[in-house]
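Beneath this line is the structure, given in structure tokens, with notes to follow.
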């Protein structure tokens, strides 16, 4: 078993990532589980001790994601996500790279740094396309649609959201499709 695989991360975190994904399918409804952060921290320490760069990158991503999504604390999340991206890049872990980039893009967007947000989300989108994740691409395109609108590129926003809708529909990602429709409504009104 490779150090840093999904299976070893599941073992190191006691399955916390699976529980988080199942429970919080809607990030807006994320709730804190007091056991999660210690389990993610344990995974980071275990991978560091084993020299498992890929696993450490993934575990750091989850710690950063926890702070960003659950605690709404980008100041704590961003350095963790940056380090996750650095390690994932070193390990060639495109999945974790795409996730860290997405969340770094989200943080940049929230801080009003639209050029940085766009660059992060575009790179995440490129990786997700390469990995064959149409639903993930669609999710990123929603953010890119908001950014395009915020940058005064309304025609681009419309085209980006149309592609997001097509990808979400084709991949059966109906929750993402609802988010596309919400973005369209927000940007048209």
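The values are calculated or read from the model by the stated rules, or taken from the named source; none is laboratory data. For clarity, every value in this text was computed on a predicted model and none was experimentally measured. Note that each Cβ is placed from the backbone with ideal geometry, even for glycine, and that neighbours are counted across all protein chains shown.
You will find that of 157, 139, the residue that is at pLDDT 95 or above, closer than 18 Å to residue 96 by Cβ and either touching a helix residue (DSSP H, G or I) at 6+ places or on another chain (Cβ under 8 Å) or assigned by TED's automatic domain parsing to the domain that holds residue 94 (or both) is 139 and no other. When we screen 23, 113 for residues that are exposed (fewer than 15 other Cβ atoms within 10 Å of the Cβ), out of contact with any strand residue (DSSP E or B) (no Cβ under 7 Å at 6 or more places or on another chain), farther than 17 Å from residue 136 by Cβ and modelled with pLDDT under 95, the only hit is 23. Checking 52, 105, 14 one by one, the residue that is under 23 Å from residue 146 (Cα atoms) and either surrounded by 22 or more Cβ atoms within 10 Å (Cβ to Cβ) or at pLDDT below 95 (or both) is 105 and no other.
Which of the residues spanning region 132-142 are without any contact (Cβ under 8 Å) to a residue 40 or more places away in the chain and part of a helix (DSSP H, G or I)? Selection gives 134, 136, 137, 140, 141.
Checking region 147-154 against the condition returns a match, with at least one residue being within 20 Å of residue 74 (Cβ to Cβ) and not in a loop (DSSP other than H, G, I, E, B).
Exactly one residue out of 129, 175, 118 is exposed (fewer than 15 other Cβ atoms within 10 Å of the Cβ), at pLDDT 95 or above, under 16 Å from the mean Cα position of the chain (by Cα) and in a helix (DSSP H, G or I): that is 175. Selection of region 88-112 for residues being part of a loop (DSSP other than H, G, I, E, B), touching a residue at least 12 places away in the same chain (Cβ under 8 Å) and either outside the structural domain of residue 48 (by TED's automatic domain parsing) or farther than 14 Å from residue 55 by Cβ (or both) yields only 111.
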